[in-house]
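I have placed the structure first, in the form of structure tokens, so that the comments after it can refer back to it.
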Amino acid sequence: MGLSLGVGVLAELTRRDPDGTAWLKRQVAIIQRLLAAHGLPPFEEPEAPVVPDAERPRFGSFPYAYLHCLRRFAARCKVDGQPPPPLGPEEHPERDRAIERAASLFDFHLLVHSDSEGFYVPVDFADVIFDRESGLAGGMLGSSVRLLRELAALAPALQITVAEDLAREELRRIEAQVAAATDPFWRERMAWTGLFQAARASTRYQVLLAFR
């Protein structure tokens, strides 16, 4: 089992999955109501394809453990002010207490989100929105605008060079590290790259980033 990242999902489902389309439209309606309830700008998910294949995440899926590794790395950077040592063979990244400390104000969108389902919407808001009654998948709505900023700020600690976007040469370097699987932080870089590219597509083309 692993995490899949979707951008422009409604356009994909509309072509081939009526049941999935109906479900996602209900989710979008919930998101719209949550945004309105918090005084935030409206959002409409496009039903026509808008995300070019070239701008979809290179690592569109990876094991859940890699997401936990990235969250541990980010939490330690915030709490300790510096990158953590590599994860030990007997350590469980999701159990690192720094994650709870770093997420305590509910404004860290990378950390405060379901591991396996839910959405980031391309609207800028500080605190993650919790939903306990409407049936939103994952129960938490994040901002892909904030997620993108968090990932960009984390890049130097992961020794990733990024400007407005991830250069092709830098992406190839990360791909080589992932293929070799020898660098102690290759899992974190794989998850970071997938999420960064997905958040970039979400904000650029105004589509949901979906955890599936």
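Every number in this text was worked out from the coordinates using simple rules, so none of it is lab data. All values reported here derive from a predicted model rather than from experimental measurement. Here Cβ is always computed from backbone atoms with ideal geometry, including for glycine, and neighbour counts include all displayed protein chains.
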Residues of the stretch 164-177 being farther than 12 Å from Arg189 by Cα and buried (at least 16 other Cβ atoms within 10 Å of the Cβ), in sequence order, are Leu166
Go through (1) within 13 Å of the chain's Cα centre (by Cα); (2) more than 27 Å from Ile31 (Cα to Cα) for Glu164 and report which single condition fails. (1)
For residues that are within 18 Å of Trp186 (Cα to Cα), part of a loop (DSSP other than H, G, I, E, B) and more than 12 Å from the chain's Cα centre (by Cα), tally how many sit in the stretch 60-81. 0
Near pairs, Cβ below 8 angstrom, 6+ apart or cross-chain, from the stretch 12-31 (touching a residue at least 40 places away in the same chain (Cβ under 8 Å) and within 19 Å of Gly138 (Cβ to Cβ)) to any residue that is of a type in the set (Gly, Ala, Ser) and crowded, with 17+ Cβ neighbours inside 10 Å: Gln27/Ala137
Are any residues in the stretch 178-200 outside any helix (DSSP H, G or I) and either touching a Gly at 6+ places or on another chain (Cβ under 8 Å) or surrounded by fewer than 18 Cβ atoms within 10 Å (Cβ to Cβ) (or both), and if so, which ones? Ala181, Thr182, Asp183, Pro184
Being closer than 19 Å to Gly142 by Cβ, surrounded by fewer than 17 Cβ atoms within 10 Å (Cβ to Cβ) and not charged (D, E, K, R) narrows Pro63, Pro57, Pro41 down to just Pro41
Step by step: first the residues of the stretch 164-177, then only those that are in a loop (DSSP other than H, G, I, E, B) and not charged (D, E, K, R), then the one that is nearest to His109 (Cα to Cα). Which residue is that? Leu166
The condition from (1) surrounded by fewer than 18 Cβ atoms within 10 Å (Cβ to Cβ); (2) in contact with a Leu (Cβ under 8 Å, 6 or more places away or on another chain) that Arg33 misses is numbered (2)
All conditions in (1) surrounded by fewer than 21 Cβ atoms within 10 Å (Cβ to Cβ); (2) part of a helix (DSSP H, G or I); (3) β-branched (Val, Ile, Thr) are true of Thr161 except (2)
Look through the stretch 99-153, keep the residues that are among the acidic types (Asp, Glu) and under 17 Å from Ser202 (Cα atoms), and return whichever of them is surrounded by the fewest Cβ atoms within 10 Å (Cβ to Cβ). Asp124
